[in-house]
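The structure appears right after this line, and notes come after that.
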C-alpha cells in the first residue's frame, strides 16, 4: 500500500472532509490504485527540466488602483447560510490567528 | 425543415433578416426541451424568462434597424459551470444548491452582448470532474444516440443538448477533455480553445492551469461563429491572452489543402477500440485524398500524460474547492457542534464521491514532504510533454488522433473503477497539459450506431488551423449532420 | 527573575512585520480598501471568493513593495511569483491566502536603526506581497462568531528580518524604524492599534558564547510597541526558566495575551499548519522590469536618516534636534513648512521642541491633530524676532494658538495683549518715573555700580509687561546716564 489508513485520515483532516470507517478504507484503496499508476512518473529523469506552471506563459497584467463598485451588503447576506446584522455568522471557534493571519 | 434543424449561422441569418423572430426560435427550443429533455436530462435548469426577455430585445433591435450582434437569436445551453447573475448556478454540485450569483461570467456576458439567448444551464459532472456526467449531483444525463449510455463528460449536458437539437449551440469547459470527449460520444463538434483564449472569469474553477471554456455545436462553422464572439483578452482574467482574435469563420472557408497532418503513432496503440481506429483512419484518408499531406510523428512522453494530469488537476482542484466551506454561500450542515464540525460535515455532505476523491488526492500530493515527488515532478513532466508537441509541430501543421478510445459506454458501467474512468481521457489530456488547442469532430459510427469522434490538435493559438481542417472535412462528409432518433421524437408525436 | 541568570543567556529575535499598504483598492481586486466602514460593504466576487472569481494584481501595491525594497536596499527580483498558502478559517474566503513563497518580490536588504545611541544594521530576509484576511468577531457568552470581509484582500507587504536582534528593546527600535520608514514612504499609516502595522516575532535563547541556536517559539498578536517589548521579555524569561530547570523549549506558536500579561501556546510543532504551498495558477509570473524599478527609485521619498542629515547640513541643527524633528514624517514636514514660510530654522526647531512637542505630549495628540498651521507659527516666530511680541507673551499667545488655531492678532486681542510701546517718549516717561522713584539706586548707578541696570529694567518692565525689553534698555540707558 502506498498510502495507509492513518495517512488517509490525516489528509481528510487537512482537506476538512469527514469519512465513515468504510469510506476511509475504500478511499485508501482507490487512492492507492491511483498513486500506483502515477508512480510511473518516477521512471523519468527530470533532472534540469523546468516545471510548467502555466500552459501558455504570459506576464502578469497589472491593474490600476481605481476602485470599482462594491457588492451591496444585501448580496453578501443573501447567499450566506447564516447572518446577523450584515455579518456572516459561524459556530464559535478558538481564534488562534492572532492579528488575523496565521 | 424546422428552424432548429438549421445550422447556427443560418438561424442567426434568419433572425437578422426578420425571416423569423428570435422569440420564435427560443420558443421552438423550449418546446423541444419540454418534449424531449425528460428522457435525456441535458439541462439542469431553464431560464425561460431571461431567455425570452433577451430574445425580445434582439427582435426589437432588428426592428429598429440596429445591429443585433453576430449571434442574434442564437440559442445557447450554458454549462452550469458559468455563473449567471440572478440565475442559480450549481456546477452540478449539491454544495452550491440554491446559489444565485450576484455577477455574470465574461463568457455569458459576451454571448449576450453578441445577441445570444441563453436557454438554461446544462447538466455536467460535479465541478467538471468526470467523463460521463454520471457525477452530476442532480440528474442523470443520457446519450441521445442510446439512452442507456452516457453522453461523456464532464460537459455531457452540453453535448447531449446539441446532439438532440435542444439548443443552437452549447458552451462547455475542458480541463482534460471535457468538451472533446462528450462531443465525440454524442456526435457533435467541440472545440477546446488555447488556454487563455477565452476568459475564465466567472467560470467555476476545477484546475486553473488547465481549464478552458469553448463552444460545442453541430459544425465547425457554428463553433467558429461563437468563438469569434467570446474570445479575446479579459482584464478580469490575468491568464487570458492579449492576442488578436483569429478569423475563424474565414478559416472555415479556406480548407485544408496543402496542410500537413501529423499522426502521432503513440495514439494508435493498445486500448483503442478497433472500430474507432478504423473510423479515424478513414477520416485521415479523406484528408489525404483531398489535398493534405499525412506524416507520422512521435510524442514519446504520451504514456505519462495521465499520471501527470491526475496529479496536477486534483492538486489545483483541492485548492480551488477549499472555498466551499459552508461559510459565505452554498450548503452548510445543520446543528454543527463547532466550526470544525461545520466545515467537515458541510463538505462531506455537500460534495459527491468523485469530488471528494480528487480533493483527497490533491491534498495528499501537495502535503508536506510529497510536493517534490508528485506535484513538482508532474509539472516537469508537463514540460517534457509540451516539448514533445513543440518538436512534432515542427513537422506538421495539425495532428489527427482519436478523441476517445471507445464510443459511449453504458450508464453505470465504469463507476466502480475510477482509474479506468480516468484512462478514458488518454487522448485528450496532453492538449491541456501542453497548452494546445483541440477539436473533436464526428467521423463515423460504430456497429451499434454510436458516434465516433476524431480529434484535431494544433499548437497554441492555432484555432484557425483546426477550423480549416474541421470545416473542410465537414464539407466532404455528413457525419455531423445526422440526428439521433430521439431528436425526431417531437415530430413523431 | 534575577538579572544574573538572564545575563547567562543571549536572546536571538527575528521579526515578521505585516505592512498594510495604503492603496485605494485591494491587492487582487478593485474592491475599495478602507478602514472603519460598515461591515461587509467593501466586497466583490473576488473578495468573497465567489465561485469563478479571479485575482488581478494591483499595480500600486507592487509599486509600494518596490518602494520598501528600495528603501531597505533589498534586491528586487525582476521575476517573482505568487503562491497559494492553504488553511481554513472563516475570515479567509478562498481557503487559501495568495502570498509569495519560493520567489518573493525582494530578498536581502537592511534597515538602519539607532539603538542606545548606536547606529546598527538589521538584515532582512525577504519582502513579499500578499493579501489580508477579513475579521472575526467573538462575543462573550455566545456560541457563535461573526465575520466581516471588508479587510479581506487588503494589500500587505510582509517584511521578514533575520534573527539579528539581541534584545526586545532592539527589536522595538527596529519596529519603530520600520514604522517611520513606511510612513515616510507614504505607503502605510503605521497605526498599530488599527492593525495597519502588525508584528509577529520568533525568539530563542542560547548560552552566551554558544554558536548553535536554541529552539525558537513564535509570538503572535503583538499589536503595539509595548506588546512587542513585554511579550519578548516574558518569553525570554520563560525560556530561561525552562532551561535552568533542566527542561527544554518546545517549538510552538504562542499568542500574547496583553490583558493577562503572558504568552499562551496555541499550537505546537506537531499541530503546525501544513500550508500546501503551490504556485498560484491564476496569476502569471510577476515581472518588475528594471526601468520600472529605476522610475520608482527616481521618485522615491527622502528617507528618515537622509532627512536627518540634511536638517543638520541645511539648517545648522544639532544631530539631536534633527533626530527629534525627523522622527515623524509629519513633524519634519511641519518644521520645513514653517521654515519655508519664513521661520528662522533654529528658532523654529527650538519652538517646536520646547513648546509644541510639550503640548502635544500633554494632550497625547499628533502634529496633525492640532489646529495651529505652519503659517501662523511662522508668523508668531516673525513677530518674536521683530520684538513685536516678548518671549513671555509669545509663549502665552502660542499656547492659545495651539488650542484654538487662531492667528496671532486674534489671540492677542482675545487676551488683551497689546503690541509693545513704540513711542520712545512714552517709554522715556515711564523710565523717568522709575528713576525718580529710586534716588538711592540711581545715585549708586551713577557712581559706577552698573550692575544695577538690570534692576531698573525689571522695575520698568513691571510697570508694563507689553514693553519691548530692547527699547526699554536703550531709553533707560539714556535716562540714567543723561
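Below is a table of values for the structure above.
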item: Taking chain A and dividing mean pair separation by its residue count, relative contact order in percent (alpha carbons under 8 Å, at least six apart); result: 16 percent
item: P(r) of the stretch C:313-470 over all Cα-Cα pairs, binned every 10 Å from zero, in whole percent; result: 10, 33, 26, 18, 12, 2
item: Nitroxide proxy distance, nm - points 7 Å out along Cα→Cβ at residue C:410 and residue B:395; result: 8.8 nm
item: DSSP-defined beta bridges in the stretch C:192-341 - what % are antiparallel, rounded to 5; result: 70 percent
item: Unit Cα scatterers, Debye sum, the stretch B:350-493: log10 I(q)/I(0) for q = 0.12, 0.21 Å⁻¹; result: -0.72, -1.28
item: Chain C: angle of helix C:329-340 to the longest principal axis, Cα-based, in degrees nearest 10; result: 30 degrees
item: Between helix C:424-437 and chain C: long-axis angle, C-alpha atoms, 0 to 90°, nearest 10; result: 70 degrees
item: Kirkwood hydrodynamic radius over Cα pairs of the protein assembly as shown, then Stokes diffusion coefficient at 4 °C and 1.567 mPa s, in µm²/s; result: 39 µm²/s
item: Span per principal axis, largest first, for the Cα atoms of chain B (Å); result: 62, 54, 45
item: Contact order normalised by residue count of the stretch B:24-170, Cα under 8 Å, 6+ apart, percent; result: 29 percent
item: Quarter of Cα convex hull surface for the stretch C:128-235, i.e. mean projection, nm²; result: 8.9 nm²
item: Along each principal axis, Cα extent of the stretch B:334-406, largest first, Å; result: 63, 34, 17
item: Coarse-grained scattering of the stretch C:237-388 at q = 0.13 Å⁻¹, given as base-10 log I(q)/I(0) from a Debye sum over alpha-carbon atoms; result: -0.82
item: Kirkwood-Stokes translational diffusion coefficient of the stretch B:124-261, alpha-carbon pairs, 4 °C, 1.567 mPa s, µm²/s; result: 85 µm²/s
item: Residue exposure sequence - B:428, B:84 - by fewest surrounding Cβ within 10 Å; result: B:84, B:428
item: Ranking of B:316, C:158 by count of other Cβ atoms within 10 Å, fewest first; result: C:158, B:316
item: Fraction of beta bridges assigned by DSSP in the protein assembly as shown that are antiparallel (%, nearest 5); result: 80 percent
item: Full-extension gain in nm, residue B:34 to residue B:334, via 0.36 nm per residue minus C-alpha separation; result: 104.4 nm
item: At 1.306 mPa s and 10 °C, Stokes diffusion of chain C via Kirkwood alpha-carbon radius, µm² per second; result: 59 µm²/s
item: Spin-label model distance (nm) - residue C:103 vs residue B:250, 7 Å beyond Cα toward Cβ; result: 3.6 nm
item: Compactness of the stretch C:424-481, expressed as Rg and Dmax over alpha-carbon positions, Å; result: 10.2, 31
item: Nitroxide proxy distance, nm - points 7 Å out along Cα→Cβ at residue B:1 and residue C:59; result: 5.1 nm
item: Residue exposure sequence - C:137, B:99, B:127, C:82 - by fewest surrounding Cβ within 10 Å; result: C:137, B:99, C:82, B:127
item: Cα convex hull of the stretch B:10-55 - mean projected area over all directions, nm²; result: 3.5 nm²
item: Percent RCO, i.e. relative contact order, over chain B, from Cα pairs under 8 Å lying at least 6 residues apart; result: 18 percent
item: Three-way shape call for the stretch C:176-271 based on the alpha-carbon gyration tensor, with the a/c threshold at 1.5; result: prolate
item: Cα-based convex hull, the stretch C:125-177, per residue volume (Å³, whole number); result: 144 Å³
item: For a label point 7 Å along the Cα-to-beta-carbon line of residue C:403, residues of the stretch C:411-436 with backbone N under 12 Å; result: C:415
item: Nearest-0.05 FRET efficiency for residue B:289 and residue B:139, computed from C-beta distance (R0 51 Å); result: 0.70
item: Helix axis angle, C:391-404 relative to chain C longest principal axis, alpha carbon, degrees; result: 40 degrees
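FYI, it's all coordinate maths here, none of it is from the lab. Here the structure is a predicted model, which means the values were calculated and not measured. A quick note on method: Cβ atoms are made from the backbone with ideal geometry, for glycine too, and the neighbour counts reach across all protein chains shown.
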